[in-house]
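Everything below concerns the one structure shown next.
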Amino acid sequence: MDFVIETYWNVESTYLTLNFIAAFMSGSGWAGLLKFVFLAALMTVMLKFAFDRDIGNMLKWFAQAYLLVVVFMAPVSSVAVVDKLSQEPPKIVGNVPWLIAGTSWAINTVTGWLATEYEKLASVPTNLRLTTNGDMGFGQALIRNTNQITITNPYLRADLMQYIKECALYDMQ
């Protein structure tokens with residue numbers, strides 16, 4: 001593994017995002033990507049050349065397209081996406097462009113450090129800490145636990161559904 005990204009509860013969404021980027025960047029292999037970028041750059045240069053007639057600009061645009069492919073898309077790495085709370089299994093994504101993987105890892109590392117330091121500075125109670133158990137507090141845990149709530153009293157459930165149908169539905173529309 002070249003990079004490890006640690007998440008809270010969203011291994012699947014991070015995996016799918018990185019997998020999309022890897023698939024998009026390496027669609028039909030390096031040769032296909034290179035052909036696509038050069039074709040797009042060549043079409044753009046030809047249109048610009050038709051109006052400008054400047055060969056220097058044409059060569060400059062071609063060199064920029066080549067630099068874009070070589071620097072940003074060519075070096076690839078593997079990324080392991082791990083759940084810090086061990087609620088989801090880790091997933092590995094291959095062929096992620098190194099620049100995107102490195103940037104994601106750096107942002108993940110810095111924000112993880114900031115979360116830990118905030119919890120220390122703010123004296124967050126142990127059962128509310130994101131970095132220890134994650135059962136309570138913070139956005140994703142609240143949303144996840146709220147989605148699992150069920151109303152067991154049938155009368156309250158019927159009254160609530162009727163209220164939503166008659167009052168809240170029109171406000172939402």
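Summary of values
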| item | result |
| --- | --- |
| Residue satisfying all of: in region 103-116; out of contact with any Phe, Trp or Tyr (no Cβ under 7 Å at 6 or more places or on another chain) and surrounded by 13 or more Cβ atoms within 10 Å (Cβ to Cβ); farthest from residue 23 (Cα to Cα) among these | 116 |
| Filter result (open to solvent by 80 Å² or more (accessible area, probe 1.4 Å) and assigned to a helix (DSSP H, G or I)) within region 117-126 | 118, 120, 121, 126 |
| Test: residue in region 134-154 that is more than 17 Å from residue 6 (Cα to Cα), of a type outside the set (Phe, Trp, Tyr), at pLDDT 75 or above and surrounded by 15 or more Cβ atoms within 10 Å (Cβ to Cβ) | no |
| Pairs where the first residue, in region 90-118, is closer than 11 Å to residue 6 by Cβ and the second is at pLDDT below 90 and surrounded by 17 or more Cβ atoms within 10 Å (Cβ to Cβ), C-beta under 6 Å, 6+ apart | 115/130 |
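The values are calculated or read from the model by the stated rules, or taken from the named source; none is laboratory data. Bear in mind the structure is a predicted one, so any value in this text is a computation, not a measurement. Neighbour counts run over all protein chains shown; Cβ positions are idealised from the backbone, glycine included. Only protein heavy atoms, including side chains, enter the accessible area calculation; ligands, DNA and RNA are left aside. Shrake-Rupley method; radii C 1.70, N 1.55, O 1.52, S 1.80 Å.
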